[in-house]
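Report on one structure; see the data block that follows.
The values are calculated or read from the model by the stated rules, or taken from the named source; none is laboratory data. Here the structure is a predicted model, which means the values were calculated and not measured. Note: ideal-geometry Cβ built from the backbone for every residue, glycine included; neighbour counts use all protein chains shown.
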Amino acid sequence: MELLPRSPGEFGSARYWDRFFRQRGQRPFEWYGAFPELCPVLHKYVRPRDKVLVVGCGNSELSEQMYDVGMCEDIVNIDISDAVIRQMQERSGSTRPKMSYLLMDMLQMDFPDAHFQVVLDKGTLDALLTDEEEATIAKVDQMFAEISRVLQVGGRYLCVSLAQAHVLKKAVEYFSQEGWVVRVHQVASSGDKQQFVLPVFVYVMTKFRKIPGSAPQILEICPEEQDKPMRMESAERLVAAVKDRQHYALLCSQISKTPCREQVSLDLCDKESGKPRYTLHVVDSPSVKPSRDNHFAIFIIPQGRETEWLFGTEEGRRQLAASAGFGRLLTVALHREQHYEGMAGIQAELSGKVMELAPPGLPARQQVPFLSVGGDIGVRTVRHCDTSPLSGEYVVEDVKGDGSCYFRRLIFLRNRNVVQSEARLLAPTPLPGQKKRRKDKKKPSPAEPPGAIDKSYLCCEHHKAMIAGLCLLGGPNALPGELAVLVVGLGGGSLPLFVHDYFSQAHVAVVEIDPSMLEVATHWFGFSQGDRMQVHISDGLDYVAKLAAEAPAQYDAVMFDVDSKDLTVGMSCPPPAFVEKPFLQKVKSILRPEGVFVLNLVCRDARLKESVLATLRDVFPLLYARRIEGEVNEILFCQPSPEGRRDPAELGARARALEGTLRQPGRPWDSSYVLADMLQAVHIL
């Protein structure tokens, strides 16, 4: 039996609907939105004494159900189909005496002005507004004008809709321009997604007298999980908010039926501020054999550790999911701007939402475990936040790592998943005469200030490799003694500080374009200047060009660890101008003949990376490379003379000898830092 129209325009035809209802017979036809789902919203806006008009009633049971539960009885139903009106009069005439069914066109109604307190529309606007042709828009305008005419001031137009973008936009713009209050409710789903994947919405348009001039528009949305409406600043933003919820519903439907081939990422936002509160990644492990207890788990990433390789990269999360042994692992990252009430609070907040992302085949009433490292949500304390004209918004925060170690991190919020600088914090040292805290006493608060910066510890693996590369300096049998080192890019200052402190005869010049970073390094990362350490606030390009012109061949080592402010380029370190051939030739000119240029390269664009390497080979006859495992970073050691070429065995010997000179009695040294190990994977390009 063919019930669908030949063209969308037939949805507005009385002949089509007569044929439709004759062929369908007595069975009620509900477009979408069953009464139990709609009832909580309708109860807010329909009062028992209201006079209600239902436009395009069809043979839906909605009016009858509203009548039977006592929501209201004075209900007038109209439709353009004579067949369905006669059918409904026969069905309800004797049992519901106060409710009537009339054959009438909603575009030209016979009711007097201001006759109703509520006009209810379930799918009628969606059926009429099938396209944006001029004739269709004219009909919709006429429909809205008639609804406005028959509604009293303070009355409500309730429109049940799937909220296609053009339908919602038209309704919101029309009534908001008339001075009405516009609110959109998302209807809570019953869980049956067999008929419609898209969520159902109810537009609530409340009629106010139009105020001359430019009165502020009141536009609101009420998500299904909350009663309190959220104010939207524009019609465009309201339409976008609805679209976000539709996309989420489609996503949930898709991943509830089939495994994810690629990792899916989404943000859950705070209800009050609208800012991201949780970032979720859905990770499926096809290799895990499903059993009753390993279908699905939630993993809460400890605060401050979301940037680590295991949690912050696709490959890391894939390994995490496989090692956890679940078919689907949902990782949850916590945002620094938000407050969390421990693991139990997070579990209570997320338990309903995460089940919408459950995998196919999850047994009914299956308990889903919440996992974490050490069973807690970690510690994150924001120490400082500010905005730099050059670097944008940034934060300095202390986070708890594995065990009892704390780390201080600098994060640029334009790239919040990347740690710009990091330093380990020393445990607090008791004051003279102060007794050691007993184990049974109250533990220190997470907000208690930790100790000073541990300057002996290099947190970043690429910094360790850059330091190890200094063993390339010196003659065949000599290790570097008195050194002149230029570092471009200060950050938190860990790299130049280590060179200064462990190479006792080194003179270090640091070039930093952003004066805010010098302040951050000094106040928060233990950096200081002195006779052997000077910072120059300048653009690295200009500073090197000036040196090349005025004082060439004066540095033993030049080290670039400078980030790019342009996130549209596939290379985040260094900026592209720093690896152009004319500039690299200037870098070469300020190096001594046996010097080394050390470059931290972070490039995800394979073609761009190959171009950079080719340019480096053109300028420097000797080029070593060292990949950083688990990261995009690659450290390049470039020398101006091919005579400095060393085989792996010689590199290892020189690294061990250099480490021996750096590890002096009474000087702290990170025992896990072995220079020779850092150079094992070095290869010549």
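All conditions in (1) part of a loop (DSSP other than H, G, I, E, B); (2) farther than 23 Å from Gln367 by Cα hold for Asn294, with the sole exception of (2).
Every residue, every condition in (1) farther than 15 Å from Leu497 by Cα; (2) under 28 Å from the mean Cα position of the chain (by Cα); (3) surrounded by 14 or more Cβ atoms within 10 Å (Cβ to Cβ), yes or no:
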{"residue": "Asp514", "(1), (2), (3)": "yes, yes, yes"}
{"residue": "Gln534", "(1), (2), (3)": "no, no, no"}
{"residue": "Glu550", "(1), (2), (3)": "yes, no, no"}
{"residue": "Lys565", "(1), (2), (3)": "yes, yes, yes"}
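Being at pLDDT 90 or above and within 36 Å of the chain's Cα centre (by Cα) holds for only one residue in Lys609, Lys586, and it is Lys609. Annotation: of all residues in region 594-621 being over 17 Å from Met466 (Cβ atoms) and touching a Lys or Arg at 6+ places or on another chain (Cβ under 8 Å), the one that is surrounded by the most Cβ atoms within 10 Å (Cβ to Cβ) is Val619. Restricted to helices (runs of 4 or more DSSP H) entirely inside region 586-683, those with at least 1 residues that are within 23 Å of Ala545 (Cα to Cα) are 606-619. A Cβ distance below 6 Å, combined with a sequence gap of six or more or placement on separate chains, defines the contacts here; from region 337-351, residues that are farther than 16 Å from Val373 by Cα reach residues that are at pLDDT 90 or above and of a type in the set (Val, Ile, Thr) in the pairs Tyr340/Ile346.
At least 3 residues being in contact (Cβ under 8 Å) with a residue 60 or more places away in the chain is the threshold, and among the strands (runs of 3 or more DSSP E) wholly inside region 211-284 those reaching it are 276-284.
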